[in-house]
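What follows is calculated from the coordinates using simple rules that are stated; it is not laboratory data. Please read these numbers as outputs of a predicted model, since none were measured by experiment. Note: ideal-geometry Cβ built from the backbone for every residue, glycine included; neighbour counts use all protein chains shown.
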Amino acid sequence: MSEGPKEAGDDRALVKAAQRGDGQAFRKLVERYQRRVVQLALGMTRDPDEAMDIAQETFVRVHRYLPSFKGDSSFFTWTYRIAMNLSLDAQRRRARSERVELEEGDEAEIEAAMDPPSAALAGPQRQALNSELRGRMEEALATLSENHRSILLLREVEGLSYEELSKVLGIRKGTVMSRLFHARLKMQKQLREYLGEDAPEKSDPEEGE
Amino acid sequence: MKRCAEVVPLLGPLLDGALPDDDGLWVADHLRGCSSCRDRQALIAAQGAALREALAARSARLDLSGFTDRVLARVAAQPDHASRTPVWGREMWWAHKGALSAAGGLLAAACMALAVFLAPNRPDDDSGPLADNSPQVEEVDFGTRDGAVLQLPAQTTVIWMSDDRGIPQ
């Protein structure tokens, strides 16, 4: 759901106008991105009220910082970065337990990824199962660490490219790839648990050759 | 054909359109002959779609009417001078905090060195303690922090030029 060229061009014009003090231009920017920012905050916090507060604060800060926004990144990438930082701050304030995570080189996880998806989670049955999965998605998401939750939301829900993820999260592209891989695996593991699946038998690592 | 173990970490990037063409070709070639990896990739896609739908459904239920007005009201309530000048300062600080810290640290060190050098009780001849041991300032990477070491004849002072980077953001 990353912005297209037209939307980016519109953003630039609106940002320039807003920087000159055009209130209507700023209003349009808020209206354009409010739901996506709320959705991002909702995914991070799971609390609708807190998500609304974070989204509101995001746009207040966007307005405040707008004079110094030089357009090195796109407006929405910049806005998401503010929203993500505010979401993380809010979570840290609530002192939720944080997990230490391995950025890369976790052999056990790569091995786990070799588990073949069960019929319940893949294959033709997956469409029918999606409604049940949907009900569990937010729950599973909440069990992930902040880093995994944020990258999954930005990629899967907001459709940010790896380049954009790198900018919003302030990490290298290699780390984007690694973190996303582990985040998806952990999500799969959670969903398997919710579906009451035991760990599937290991597949033959030579399979597919 | 490549082994599944080599392909699995690349299934997501392939789906995301983030794999270079040359890697994409052999991963796609593997997928044609491996139903397990096709299922793995389908699972990544299904999981992403389910997450998108779940959050879209939840956020769609939120009433955003008046949201923009509330934002604009808060913006209007902020004094203009207070909202711009300090923010510019904060923005500059966060954007260039490393460089500003380093510059500040070196400036402080230089001032201290100059103060010592120009002190009234500085010996006139070259045999004084500072002549042979003039102040030295070195920028040093302490691992998690940057700092400068100011060495004087009687003391060594460390001037920190950056915050502790031990906790990644």
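Assuming R0 = 41 Å, what is the FRET efficiency of A:ASP10 and A:THR143, from their Cβ-Cβ distance, to the nearest 0.05?
So, using R0 = 41 Å, E works out to roughly 0.60.
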Sorted by Cβ neighbour density within 10 Å, fewest at the top, the residues A:ASP53, B:ASP22: B:ASP22, A:ASP53
Using the 10 angstrom Cβ neighbour count as an exposure proxy, how do B:LEU10, A:LEU165 rank, fewest first? B:LEU10, A:LEU165
Quick one: what are the phi-derived ³J(HN,Hα) couplings along the stretch A:59-71, Karplus 6.51/-1.76/1.60 with θ = phi - 60°, whole Hz, x for glycine and proline? 6, 4, 6, 4, 4, 5, 8, 3, x, 9, 6, 9, x
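As an exercise, use a Förster radius of 25 Å and the Cβ-Cβ distance of B:ALA56 and A:ARG93 to find the FRET efficiency, rounded to the nearest 0.05. Working shown, then result.
Details: r = 27 Å, r/R0 = 1.09.
Here the calculated transfer efficiency is 0.40.
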What is the mean number of Cβ atoms from other protein chains located within 10 Å of the Cβ atom of each residue in peptide A:54-61, rounded to a whole number? 4
Entries in A:LYS167/A:LYS189; A:LYS70/A:LYS167; A:LYS70/A:LYS173; A:LYS16/A:LYS173 that, when Cα-Cα distance is taken, lie over 26 Å: A:LYS167/A:LYS189; A:LYS16/A:LYS173
Extending each Cα 7 Å along its Cβ direction at A:ARG136 and B:ALA103, get the distance between those two points in nm, one decimal. 5.5
Order these by the 10 Å Cβ neighbour count, fewest first: A:ARG149, A:ARG94. A:ARG94, A:ARG149
Mind giving me the nanometre distance, one decimal, between the label points for B:ALA28 and B:LEU114, set 7 Å out from Cα along Cα→Cβ? 6.4
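Add +1 for every Lys or Arg and -1 for every Asp or Glu among the other residues with Cβ under 14 Å from the Cβ of B:ARG61, and state the total.
Summing Lys/Arg as +1 and Asp/Glu as -1 gives -1.
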